[in-house]
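Single-structure report; data block below.
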Amino acid sequence: ASHLFTNPKTKHRWAACSNRLDMTDKDVKDIGKAERPQKIFANMWFDGNCAEALKFYVKAFECKQIFCMAHEGCVVHACIQFHNKDNMIFLSDVHGDHFETGANKAGASISLMVYVKDVDEAYKRAKDAGCTMLQEPEDQFWGDRIIRLKDPFGHSWTLATRKFEPGAEMEAEGKKWWQKMKEKANKRKREAVENEPNNNTAKNQR
């Protein structure tokens with residue numbers, strides 16, 4: 001459903017969209033007025049392609065678009081919700097003095113983690129939709145089965161499904177996991193040094 005209303009102070013005309021077919025103008029005006037629990041919500045920003053991203057996430061991650069407020073083609077504030085009410089993420093286009101740049105210019109500076117019902121199904125759906133998969137579905141020692149991916153808009157995601165509650169072995173397994181992460185990081189550093197232009201020139205001269 002889409003509704004137009006006028007800000008009484010600035011006289012700006014706004015469009016608000018929702019997947020609720022029974023949404024009224026009063027509902028739109030009341031967005032943001034309701035009391036909320038003290039939670040922290042991620043806010044993703046985009047370089048003018050937020051509306052496109054909203055459609056993509058609904059398809060790729062099977063989430064719901066709760067609302068979308070747009071002005072002159074710019075998404076000022078939108079919200080998507082995953083399989084429970086606590087999994088909500090806000091989105092908007094870069095506008096005015098809100099945010100400096102979108103992910104396409106600066107690169108992703110954070111990774112978003114969301115719990116889903118079935119991470120293996122989520123993996124296939126996201127891959128088919130065009131996401132770059134960074135990690136295959138894998139059980140983790142802390143009890144989650146996760147995947148890692150990057151969406152076409154440059155944002156990094158971790159999707160997870162809770163599989164089990166860890167026991168006394170968690171500390172030992174955690175140390176093994178950390179050692180693997182250190183080895184991977186050291187390998188990347190060595191490869192980066194080997195691929196530096198000066199090193200390649202030296203190799204060619206030998």
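Rule-based calculations on the coordinates, nothing more; no lab input. Being a predicted model, the structure only gives us computed values, none of them experimental. Cβ coordinates were reconstructed from backbone atoms using ideal geometry, including for glycine residues, and neighbour counts include every protein chain displayed.
Provide the per-residue ³J(HN,Hα) series for segment 79-89, in order, calculated from phi with Karplus coefficients 6.51, -1.76, 1.60 and θ = phi - 60°, each as a whole number of Hz, with x at glycine and proline positions.
Calculated HN-Hα couplings, in order: 8, 10, 10, 8, 6, 9, 5, 7, 8, 10, 10 Hz.
Applying 1/(1 + (r/R0)^6) with R0 = 30 Å to the Cβ-Cβ distance of Lys55 and Gln140, what FRET efficiency is obtained, to the nearest 0.05?
On the way: r = 31 Å, r/R0 = 1.03.
Calculated transfer efficiency: 0.45.
Which far-off residues, 5 or more places away or on another chain, put their amide H under 5 Å from the one on Gly143, with H placed in the peptide plane?
Long-range HN contacts for Gly143: none found.
At 7 Å along Cα-to-Cβ for each site, give me the label-to-label distance between Glu183 and Arg162 in nm.
3.1
Show me, for segment 169-179, the HN-Hα J-couplings you get by feeding each phi into the Karplus relation (A = 6.51, B = -1.76, C = 1.60, θ = phi - 60°), rounded to Hz, glycine and proline as x.
Result, ordered by residue: 7, 4, 4, 5, 5, x, 5, 4, 4, 5, 5 Hz.
Would you please give the FRET efficiency between His71 and Ala192, computed as 1/(1 + (r/R0)^6) with r the Cβ-Cβ distance and R0 = 30 Å, to the nearest 0.05?
Values: r = 44 Å, r/R0 = 1.47.
Working from the Cβ atoms, E equals 0.10.
What are the ³J(HN,Hα) couplings of segment 52-58, residue after residue, when phi is run through the Karplus curve with 6.51, -1.76, 1.60 and θ = phi - 60°? Round to Hz, x for glycine and proline.
Per-residue couplings from phi come out as 5, 5, 4, 4, 5, 5, 4 Hz.
Can you tell me the FRET efficiency between Gln81 and Lys175 if r is taken as the Cβ-Cβ distance and R0 is 30 Å, rounded to the nearest 0.05?
Details: r = 37 Å, r/R0 = 1.23.
Taking R0 as 30 Å, the efficiency between Gln81 and Lys175 is 0.25.
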